[in-house]
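Colleague: I'd like to ask some things about the structure below.
The values are calculated or read from the model by the stated rules, or taken from the named source; none is laboratory data. Quantities reported herein were computed from a predicted structural model and do not represent experimental measurements. Note: ideal-geometry Cβ built from the backbone for every residue, glycine included; neighbour counts use all protein chains shown.
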Amino acid sequence: MKRILFTGGNGQLGKELRRFSWPDGWEAVGVDIDDLDLRDTDAIAAKVAEGGWAAVISGGAYTAVDNAERDVVTAWAVNALAPAALAQACRAAAIPMLQVSTDYVFNGRKAGPWDVGDPVAPLGVYGASKLGGELAVATSGARHAIIRTAWVVSAHGNNFVKTMLRIAETKDTLTVVADQFGTPTAAADLAATLAAIAMQLVGDRAAPSGIWHFSNAGRTSWADFAIEIFAQSARRGGPTAQVLPIPTSAYPTPARRPANSELSHSAIQRDYGISPRPWQAALADILDELLGKTI
């Protein structure tokens, strides 16, 4: 039995890694803060050193983007030092590591999709701490895959899809930012991608290390994302609302958001043969789970 350890076991991605249909002979074991405190680097090292792991997926993170601006130490401990400890332990155990990262490592000023080799320039603590984790993994000497993603949604936890549906239960109209663009990502599709790359890294020592981008296909804005959520919800008899587009300036937040988070998939298609499906199709699966099939 090949066993894969993953952190962030109770998050959106962690729940989808648990639900993923792993092939015979593979098992995924998730841990969360009750099992492993990512602020405790000694505990991290001990967990990996238990042995029996074929690979590690580092999915746990401090993702409260606005809170990170005032909780800098915790953000850096979880997002940078924890991956550093995991990578060091993976190198010692001679096993590969997958690090989940973010579009927030970019400043959002590029006109087109971000390529894996584009210059990084985080706008805030969250992005900077995640970049720190990337650098720690990349320089650790461990075989690795760093997977940047964006706008993760699912039928679990807190995310944009569930927030829109919840608000629409009590409001007929709502304002949504229309000048931030990106590529939504279904946690289930991200989990499948991580699983595929992890199994390839375990089975083929020649599989490449490096950085890749994964999200679902297609560029949209938060406002247009909300409009599609409500259109699909209406077809299922779910809540709906009118979306009033607003500029970022009308919705100030402690942390600055990248204006463009669209990620290029060319590298992951070339190196691992992974071609993401459109985000609208991925959204449909999430709403099927939340609301039922189209009526």
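Colleague: Pick from Ile286, Ile274: which is in contact with a strand residue (DSSP E or B) (Cβ under 9 Å, 6 or more places away or on another chain), assigned to a helix (DSSP H, G or I) and surrounded by 13 or more Cβ atoms within 10 Å (Cβ to Cβ)? Give the derivation first.
Modeller: Values: Ile274 fails: assigned to a helix (DSSP H, G or I).
Criteria check complete, one pass: Ile286.
Colleague: Would you say Gln99 is modelled with pLDDT of 95 or more and surrounded by fewer than 24 Cβ atoms within 10 Å (Cβ to Cβ)? Please lay out each step first, then the result.
Modeller: Details: modelled with pLDDT of 95 or more: yes; surrounded by fewer than 24 Cβ atoms within 10 Å (Cβ to Cβ): no.
The answer is no for Gln99.
Colleague: Could I ask something else about it? Got a number for residues in the range 9-26 being crowded, with 22+ Cβ neighbours inside 10 Å and either over 14 Å from Asn159 (Cβ atoms) or among the hydrophobic types (A, V, I, L, M, F, W, C) (or both)?
Modeller: Restricting attention to the range 9-26, the residues satisfying the condition of being crowded, with 22+ Cβ neighbours inside 10 Å are 9, 11-14, 16-17.
Next, from what is left, pick out any that are either over 14 Å from Asn159 (Cβ atoms) or among the hydrophobic types (A, V, I, L, M, F, W, C) (or both): 9, 13, 17.
So the count comes out to 3.
Colleague: Glu134 fails exactly one of the following numbered conditions: (1) of a type in the set (D, E, K, R); (2) touching a Lys or Arg at 6+ places or on another chain (Cβ under 9 Å); (3) without any contact (Cβ under 8 Å) to a residue 40 or more places away in the chain. What is the number of that condition?
Modeller: Every listed condition holds for Glu134 apart from (3).
Colleague: Here's a follow-up. Looking at Val116, Val78, which one is in contact (Cβ under 8 Å) with a residue 12 or more places away in the chain, in contact with a helix residue (DSSP H, G or I) (Cβ under 7 Å, 6 or more places away or on another chain) and not polar (S, T, N, Q)?
Modeller: Val116
Colleague: Same structure, new question: Just to check your reading of the model, which residue among Ala43, Ala92 is surrounded by fewer than 19 Cβ atoms within 10 Å (Cβ to Cβ), free of Cβ contacts under 8 Å to residues at least 24 places away in the same chain, of a type in the set (A, V, I, L, M) and assigned to a helix (DSSP H, G or I)?
Modeller: Ala43
Colleague: Pairs only if they're at least six apart or on different chains, beta carbon under 8 angstrom, first in the range 174-197 and touching a residue at least 40 places away in the same chain (Cβ under 8 Å) and buried (at least 22 other Cβ atoms within 10 Å of the Cβ), second assigned to a helix (DSSP H, G or I) and basic (Lys, Arg); list them, first residue then second.
Modeller: Note: pairs meeting the criteria are Ala187/Lys15; Ala188/Arg19; Ala191/Arg19.
Colleague: Could you tell me whether the range 46-62 includes any residue that is assigned to a loop (DSSP other than H, G, I, E, B), at pLDDT 95 or above and among the aliphatic types (A, V, I, L, M)? If you could, list the steps in order and put the result at the bottom.
Modeller: Residues of the range 46-62 that are assigned to a loop (DSSP other than H, G, I, E, B), as a first pass: 50-52, 59-62.
Okay, now just the ones that are also at pLDDT 95 or above, so 59-62.
In the following step, the residues that additionally are among the aliphatic types (A, V, I, L, M) were identified as 61.
Yes, that holds for at least one residue.
Colleague: For the range 201-252, which residues satisfy the criterion of being closer than 30 Å to Arg143 by Cβ and of a type in the set (S, T, N, Q)? Step through it out loud before you land on a result.
Modeller: Pass one, the range 201-252, residues closer than 30 Å to Arg143 by Cβ: 201-217.
If the condition is that a residue be closer than 30 Å to Arg143 by Cβ and of a type in the set (S, T, N, Q), then Ser209, Ser215, Asn216 are the ones that fit.
Colleague: If a residue has to be closer than 25 Å to Arg109 by Cβ, surrounded by fewer than 20 Cβ atoms within 10 Å (Cβ to Cβ) and of a type in the set (A, V, I, L, M) to count, how many in the range 123-173 make the cut?
Modeller: The number of residues fulfilling the criteria is 3.
Residue-wise test of (1) surrounded by 18 or more Cβ atoms within 10 Å (Cβ to Cβ); (2) touching a Phe, Trp or Tyr at 6+ places or on another chain (Cβ under 6 Å); (3) free of Cβ contacts under 8 Å to residues at least 40 places away in the same chain.
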site: Pro247; (1), (2), (3): no, no, no
site: Thr253; (1), (2), (3): no, no, no
site: Arg257; (1), (2), (3): yes, no, no
site: Leu263; (1), (2), (3): yes, yes, no
site: Arg270; (1), (2), (3): no, no, yes
site: Trp279; (1), (2), (3): yes, no, no
site: Ala282; (1), (2), (3): yes, no, no
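Colleague: Hey, another quick one. Here is a check on your reading of the model: is Arg205 more than 24 Å from Ile167 (Cβ to Cβ), at pLDDT below 95 and surrounded by fewer than 14 Cβ atoms within 10 Å (Cβ to Cβ)? So that I can check it myself, show each step before the final result.
Modeller: On the way: more than 24 Å from Ile167 (Cβ to Cβ): yes; at pLDDT below 95: yes; surrounded by fewer than 14 Cβ atoms within 10 Å (Cβ to Cβ): yes.
Against the criterion (more than 24 Å from Ile167 (Cβ to Cβ), at pLDDT below 95 and surrounded by fewer than 14 Cβ atoms within 10 Å (Cβ to Cβ)), Arg205 qualifies.
Colleague: Right, next: Out of Val48, Val78, Val105, report the one residue that is of a type in the set (A, V, I, L, M, F, W, C), within 23 Å of Gln12 (Cα to Cα) and in contact with a Ser or Thr (Cβ under 9 Å, 6 or more places away or on another chain).
Modeller: Numbers: Val48 fails: in contact with a Ser or Thr (Cβ under 9 Å, 6 or more places away or on another chain); Val105 fails: in contact with a Ser or Thr (Cβ under 9 Å, 6 or more places away or on another chain).
It is Val78.
Colleague: Shifting gears a bit: Please go through the range 1-40 and give me each residue that is of a type outside the set (D, E, K, R) and assigned to a helix (DSSP H, G or I), ordered by number. Give the steps one after another, and end with the answer.
Modeller: Kept after step one, since they are of a type outside the set (D, E, K, R), are these residues of the range 1-40: 1, 4-14, 17, 20-23, 25-26, 28-31, 33, 36, 38.
Gln12, Leu13, Gly14, Leu17, listed by residue number.
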